[in-house]
Structures are given as structure tokens and as C-alpha cells.
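One structure below.
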Amino acid sequence: MVVLLAFFYGCNGGEKTKTAVRGENPPLTPYWALGHLVWEDSVNTQEAAQKLVQGYLDRRIPVDGIIIDSPWEMSYNDFNWDKSRYPQPDSMIGFFMRNGVRMLLWMTGNINKESKDVPVQKAPTYDEVIREGFAVNNGAPYKWWKGTGVQLDFTNPAACEWWDQQLDKVFVEGVYGWKTDQ
């Protein structure tokens, strides 16, 4: 569960992260994150996610959080909702919030130039990541299970600041954390 919550504290070694690394007082895991989390990774639509949660609630089974897995974005890790799969993300988030369910989204640190399973093949930020030197291995692309792209360099403070700004696209909507993959 710690990995899921790592990005709450930023990737650039913010004070809370530095404290945790020194072994003093690590950030506390929120109580809800230790509860019952459900995972929608079969149909990957707004309707399926809400139906999954509603099924638990109808049976009086508490749900503390839901993980929305890939593909939910227009392009992997662009943090823009694929409206053909999730036509009203604000409505979905509102449904979860009214029912006390926190939403977590899938992500990796990859920025693709070629993708599968998403409407936009090349991430809109790909050229920027290359130009700014935010990728590992001097921006050499590699194949992974969701396409071909580069891995963000999380040791680069400028890349981390940029990444945190990307995450804000959905944090402000009511996303509570991440299922980080790869």
C-alpha cells in the first residue's frame, strides 16, 4: 500500500519524504487505504466501475476505495480522461464521494510515442519530455507492455516538478492516489 500512496508526498524528495527516508516519522497511511479496495479491470468503463461499487453497496459490503485500471486516459500517463470510456468523470467521482469511496487511478512513469488500447498513440507531452531531458537513458525509447516510450527520470527534480503538475489534472477532481505499475 505504501507504493500507492507515495505520490501524495511528491516525487522530488519533499520534506515528508526526506523525513521518512531518515527513519524518523514516516507519513501515516490514511485509515481508508487499509480498508476494502475494489478493482475494476475487466470492462474499463464508467458504467462498469459504478456498477461494481453499487453491487457491493447493495449487499451492504463496505467499500473504502476503487482502483480504476488502464486504459482510462486518452494516452498513457497524460491524465486526460478517455470520454468514450468515462463520459462523465465528474459524475462518477461524485457518485463515489457520496458513497464514501475513494478513487485511485492506474499509472506508470512511461510517456509513450506509440501505444495500444488508447485513442491517442503518442502522448501529447512526449516531445516535451524528450526536449527537456526528463527521460532516463538519454530519452532512448523502449518497448513495454503498453507500447513504446520513455521512462520519466524521477531523480531529476525538474522532471518531478513537471510530473507533479501533470498529476494535478486529476487530483483537483477528487482522485485520492495511484495504483503505480511497472
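Odds and ends about this structure:
- Among (1) surrounded by 13 or more Cβ atoms within 10 Å (Cβ to Cβ); (2) at pLDDT 95 or above; (3) small (Gly, Ala, Ser), the one test that Gly35 misses: (2)
- Selection status of Tyr142, hydroxyl-bearing (Ser, Thr, Tyr) and under 19 Å from the mean Cα position of the chain (by Cα): no
- Top-ranked residue in region 61-104 [being part of a loop (DSSP other than H, G, I, E, B) and among the polar types (S, T, N, Q); ranked as surrounded by the most Cβ atoms within 10 Å (Cβ to Cβ)]: Asn77
- Residues of region 36-61 classified as within 17 Å of Ile93 (Cα to Cα), of a type in the set (A, V, I, L, M) and free of Cβ contacts under 8 Å to residues at least 40 places away in the same chain, total: 3
- Residues that are surrounded by 17 or more Cβ atoms within 10 Å (Cβ to Cβ), of a type in the set (Val, Ile, Thr) and farther than 19 Å from Asp41 by Cα within region 105-124 comprise just one, Ile111.
- Meets criteria (within 24 Å of Ile68 (Cβ to Cβ) and surrounded by fewer than 20 Cβ atoms within 10 Å (Cβ to Cβ)) for Asp127: no
- Considering region 130-160, the residues that are under 30 Å from Ser84 (Cα atoms) and not hydrophobic (A, V, I, L, M, F, W, C) include one that is surrounded by the most Cβ atoms within 10 Å (Cβ to Cβ), namely Gly149.
- Checked against (1) in contact with a Gly (Cβ under 6 Å, 6 or more places away or on another chain); (2) farther than 16 Å from Trp72 by Cβ, Gln165 passes all but condition (1).
- Counted as qualifying within region 112-182 are the strands (runs of 3 or more DSSP E) with 1 or more residues that are at pLDDT 95 or above, namely 142-144, 147-151.
- Of the set (1) under 23 Å from Ala33 (Cα atoms); (2) assigned to a loop (DSSP other than H, G, I, E, B), all apply to Leu52 but (2).
The values are calculated or read from the model by the stated rules, or taken from the named source; none is laboratory data. Predicted, not measured: the structure shown is a model, and the values here were computed from it. Counting neighbours? That spans all protein chains shown, and the Cβs are built from the backbone with ideal geometry, glycine included.
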